[in-house]
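Here the structure comes first, spelled out in structure tokens, and everything after it is commentary.
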Amino acid sequence: MNTALGSSNGSAVHGISHLVIEVADAERAARFYADTLGVDGAALGDWPEANELALALPSGQMLVFKSGGTGETRNESGIHQAYGCTPEARSAIEASLAGTGIAVHRYHEDRPAEARDPFYFTDPDGNRVQLVAAPGNQRGISGIDHAAIQASDMEWEEAFFVDRLGFAVDHRVGWNTEDYVRARAWAEGRDDMAPGTRRMDRRYRDNPGAEPGSSREVPRPNIQLFLSLGGSVLGIFLATSHVQEPAPELARGTPRTALAMDRAGLESMASALDATGVALEGPVVHDPGAPLEVSLYFRDPCGNFFELCVPADARG
């Protein structure tokens with residue numbers, strides 16, 4: 001394991017470039033995000049992926065809709081996308097959501113940076129969305145704050161992203177006593193936690209002296225790992241149920257989290273990824289005029305799709 005190389009690679013990531021989310025109809029989804037979340041602007045021309053519609057955010061990041069999907073939110077999972085906006089913009093968004101009958105949830109949070117005034121809802125395609133406070137003067141969302149995926153094995157994920165690729169850990173959940181105390185409060189109905197953050201584990205035996213069957217389920221914090229990605233964050237939640245993974249050789253798919261890098265960083269990361277043995281495609285050079293110069297597609301050890309890309313404004 002080349003820890004020094006991995007550390008260098010992780011620091012080369014500038015942040016989240018774009019998120020590709022699955023929707024039934026990209027045009028319809030774009031209208032919802034424009035009307036409700038204040039995402040202005042026409043679809044970007046020369047987007048390199050078929051059946052995907054990309055919208056530019058004020059931050060320079062992009063929100064991309066993939067037609068033909070059914071949404072990747074699962075009721076008990078932590079999968080979601082988080083966008084920044086001002087308090088004033090969020091108040092307007094809340095009013096718009098109320099007009100469409102979409103409920104807002106104010107789940108409690110484990111990660112300190114998200115603990116203040118949480119705000120969640122689910123879009124019409126079943127994708128869970130979070131809004132977090134951010135400076136600015138936009139009427140809607142300003143950019144992508146973080147994204148969250150789920151994984152079947154957290155040790156694999158940490159070894160891959162931290163040890164092999166060099167991403168820095170922002171926060172961990174499930175490693176200290178306070179997390180377990182809060183899990184008990186959740187089980188007793190005293191702590192309304194976000195989906196995917198808590199679980200009931202089933203024991204094979206009762207506690208000594210307990211009534212038969214009365215202590216076989218115990219509350220636990222669901223393991224979570226948050227990684228720093230330049231100016232963004234990636235949350236990884238332990239899966240609470242089995243999910244069928246894509247074919248082992250498939251490297252490009254959706255939903256997908258894309259990370260921005262310069263060309264030298266991408267080439268270095270390509271070498272590091274090749275050494276891990278994960279499914280890998282590219283680098284793929286895009287046509288002139290596309291918002292991206294080059295992309296490298298891969299899957300993490302638990303089947304999540306990622307893209308490393310060089311934005312078009314990094315050419316030269």
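The values are calculated or read from the model by the stated rules, or taken from the named source; none is laboratory data. Bear in mind the structure is a predicted one, so any value in this text is a computation, not a measurement. All Cβ positions, even for glycine, are placed from backbone atoms using ideal geometry, and neighbour counts span all protein chains on display.
Within the stretch 168-185, can one find any residue that is within 18 Å of the chain's Cα centre (by Cα) and surrounded by fewer than 16 Cβ atoms within 10 Å (Cβ to Cβ)?
Checked the stretch 168-185: at least one residue is within 18 Å of the chain's Cα centre (by Cα) and surrounded by fewer than 16 Cβ atoms within 10 Å (Cβ to Cβ).
Consider only pairs whose beta carbons are under 6 Å apart and that are at least six residues apart or on different chains; among these, list those whose first residue lies in the stretch 230-244 and is in contact (Cβ under 8 Å) with a residue 24 or more places away in the chain and whose second residue is assigned to a loop (DSSP other than H, G, I, E, B) and of a type in the set (Ser, Thr, Tyr).
Ala239/Ser152
Answer with yes or no whether Ala82 is assigned to a helix (DSSP H, G or I) and either closer than 21 Å to Val233 by Cβ or touching a residue at least 40 places away in the same chain (Cβ under 8 Å) (or both).
no
Limited to the stretch 280-304, what total is found for residues that are of a type outside the set (Asp, Glu), over 22 Å from Ile236 (Cβ atoms) and in a loop (DSSP other than H, G, I, E, B)?
Here the count works out to 5.
Quick check on my filter: what residues within the stretch 100-137 are of a type in the set (A, V, I, L, M) and not in a helix (DSSP H, G or I)?
Ile102, Ala103, Val104, Ala115, Val129, Leu131, Val132, Ala133, Ala134
So is Glu158 of a type in the set (Asp, Glu), closer than 19 Å to Ala239 by Cβ, at pLDDT 95 or above and within 18 Å of the chain's Cα centre (by Cα) or not?
In short, yes.
Counting just the residues of the stretch 198-233 that are among the hydrophobic types (A, V, I, L, M, F, W, C) and in contact with a strand residue (DSSP E or B) (Cβ under 8 Å, 6 or more places away or on another chain), which one comes out farthest from Glu188 (Cα to Cα)?
The qualifying residue farthest from Glu188 (Cα to Cα) is Leu229.
Consider the stretch 15-37. How many of its residues are out of contact with any Cys (no Cβ under 7 Å at 6 or more places or on another chain) and assigned to a strand (DSSP E or B)?
7
Using the structure shown, decide if Asp117 is over 21 Å from the mean Cα position of the chain (by Cα) and acidic (Asp, Glu).
Considered against the rule, which asks whether it is over 21 Å from the mean Cα position of the chain (by Cα) and acidic (Asp, Glu), Asp117 comes out as no.
Determine whether Val278 is surrounded by fewer than 18 Cβ atoms within 10 Å (Cβ to Cβ) and either under 22 Å from Ile16 (Cβ atoms) or within 15 Å of the chain's Cα centre (by Cα) (or both).
yes
How many residues are in a strand (DSSP E or B) and without any contact (Cβ under 8 Å) to a residue 40 or more places away in the chain if we restrict to the stretch 138-155?
Matching residues across the stretch 138-155 total 0.
Just to verify a result, which residue in the stretch 235-272, among those that are hydroxyl-bearing (Ser, Thr, Tyr) and in a loop (DSSP other than H, G, I, E, B), is modelled with the lowest pLDDT?
Among them, the one singled out is Ser241.
Anything in the stretch 186-214 that is part of a strand (DSSP E or B) and over 24 Å from the mean Cα position of the chain (by Cα)? List them, or say none.
Asp201, Arg202 - these are the residues of the stretch 186-214 that are part of a strand (DSSP E or B) and over 24 Å from the mean Cα position of the chain (by Cα).
Given (1) crowded, with 17+ Cβ neighbours inside 10 Å; (2) part of a helix (DSSP H, G or I); (3) touching a helix residue (DSSP H, G or I) at 6+ places or on another chain (Cβ under 6 Å), identify the lone condition not met by Ser96.
So Ser96 meets the others, but not (1).
Report whether or not Glu178 is of a type outside the set (Ser, Thr, Tyr) and within 30 Å of Ala270 (Cβ to Cβ).
It is false that Glu178 is of a type outside the set (Ser, Thr, Tyr) and within 30 Å of Ala270 (Cβ to Cβ).
Would you point out which residue out of Leu238, Leu227 is under 30 Å from Ala89 (Cα atoms), buried (at least 21 other Cβ atoms within 10 Å of the Cβ) and of a type outside the set (Phe, Trp, Tyr)?
Only one candidate passes the filter, namely Leu227.
Within the set of pairs 6 or more residues apart or between chains, which connect a residue that is closer than 23 Å to Asp191 by Cα inside the stretch 89-109 to a residue that is part of a helix (DSSP H, G or I) and among the aromatic types (Phe, Trp, Tyr) with Cβ atoms less than 9 Å apart?
Within 9 Å, the pairs are His108/Trp186.
For the stretch 118-134, check the following and say yes or no: at least one residue is more than 21 Å from Ser59 (Cβ to Cβ), in contact (Cβ under 8 Å) with a residue 60 or more places away in the chain and either in contact with a helix residue (DSSP H, G or I) (Cβ under 8 Å, 6 or more places away or on another chain) or surrounded by fewer than 16 Cβ atoms within 10 Å (Cβ to Cβ) (or both).
Yes, the stretch 118-134 contains a residue that is more than 21 Å from Ser59 (Cβ to Cβ), in contact (Cβ under 8 Å) with a residue 60 or more places away in the chain and either in contact with a helix residue (DSSP H, G or I) (Cβ under 8 Å, 6 or more places away or on another chain) or surrounded by fewer than 16 Cβ atoms within 10 Å (Cβ to Cβ) (or both).
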